[in-house]
């Protein structure tokens, strides 16, 4: 039963994600009272995802130092600069600009492991990028946000750092410790329940945080449709740029596939938490809508890598 439900949710994730968003908008009053659960659910997701990571993955940095630094620069310099510039040109709204910046400034998505695996990419490199990028998140994200939006909106950088440590770093380290201690048996034995729990947590985060953007989504207009269109453009451009740059600078197809999915996928859930916690609700719009396209784009570019 658990396996079947997990497979169902995996298969229909591109559909269930927007459905969760709609449910959250419709349950606006309830969702606003459940915001305290979001950091807990996110920490749980991070812990489960980190059970498959190993401390020795950091050693891969010695083998691929330039590649890892290249990917991190792409994630936290090139893409934020591109998203910020695009939003500044298209929208005359600082809050939306911050939202687009935040949507790509978050760490790479842990689910990129799935796509790298099935596309026969470089899994050790992928795991090293995820681990290093995750551990650097409490430094890179607040620094980037402070530099870019510090003058627009007062940002409590210290609280943001502690929240990132609580939601990402500590659960990651705990997950790796448990994974090492159990020699991977815990993850293997409960892989299906853990995967189901992780997906349920993700949909719960989407539903709860969607209540924050309910006032905007309920009044569907041309501006909202335009925002969603630009979100799709930014998300797709991340994959396209990673594809082009990978072919130009990386030698093997395995490394190229790894770069495509690490560069295109984002841990959007943490972006939603940060957006709804530290900024006005409008900032969350580009972040939340990014969830609508991530898995669909990943499946498209998986087919491209197979050609």
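Since every read-out is calculated from the coordinates, none of them should be taken as a lab result. This is a predicted model, so every value here is computed, not measured. Quick reminder, even Gly has a Cβ in these numbers, built from the backbone with ideal geometry, and neighbours come from all protein chains shown.
Rounded to the nearest angstrom and listed largest first, the equivalent-ellipsoid semi-axes of the range 1-42 from its Cα gyration tensor are 24, 14, 8. Using the alpha carbons alone, the radius of gyration of the range 191-265 stands to its Kirkwood radius in an Rg to Rh ratio of 1.14. Summarised in one figure, the compactness ratio Rg/Rh of the range 60-157, Cα atoms and Kirkwood Rh, is 1.04. Taking other Cβ atoms within 10 Å as a rough exposure proxy, 306, 266, 56 sort from fewest to most as 306, 56, 266. Taking all C-alpha pairs of the range 26-96, those more than 16 Å from each other amount to 73 percent.
With the largest listed first and rounded to whole Å, the semi-axes of the equivalent ellipsoid of the range 111-204 from the Cα gyration tensor are 30, 16, 14. As a rough footprinting exposure proxy, the listed residues 210, 237 were ranked by other beta carbons within 10 Å of their own, and the order from fewest upward is 237, 210. Where the alpha-carbon atoms of the chain are placed on the principal axes, they occupy 48, 45, 41 Å, in descending order. Cβ crowding within 10 Å ranks 261, 91 as 91, 261, fewest other Cβ atoms first.
Taking the centroid of alpha carbons for each part, the range 72-144 and the range 189-261 are 10 Å apart. The orientation-averaged projection of the convex hull spanning the C-alpha atoms of the range 1-133 amounts to 11.1 square nanometres.
For the residues 184, 263, 121, a GNM of the chain with alpha-carbon springs under 10 Å puts the largest fluctuation on 184.
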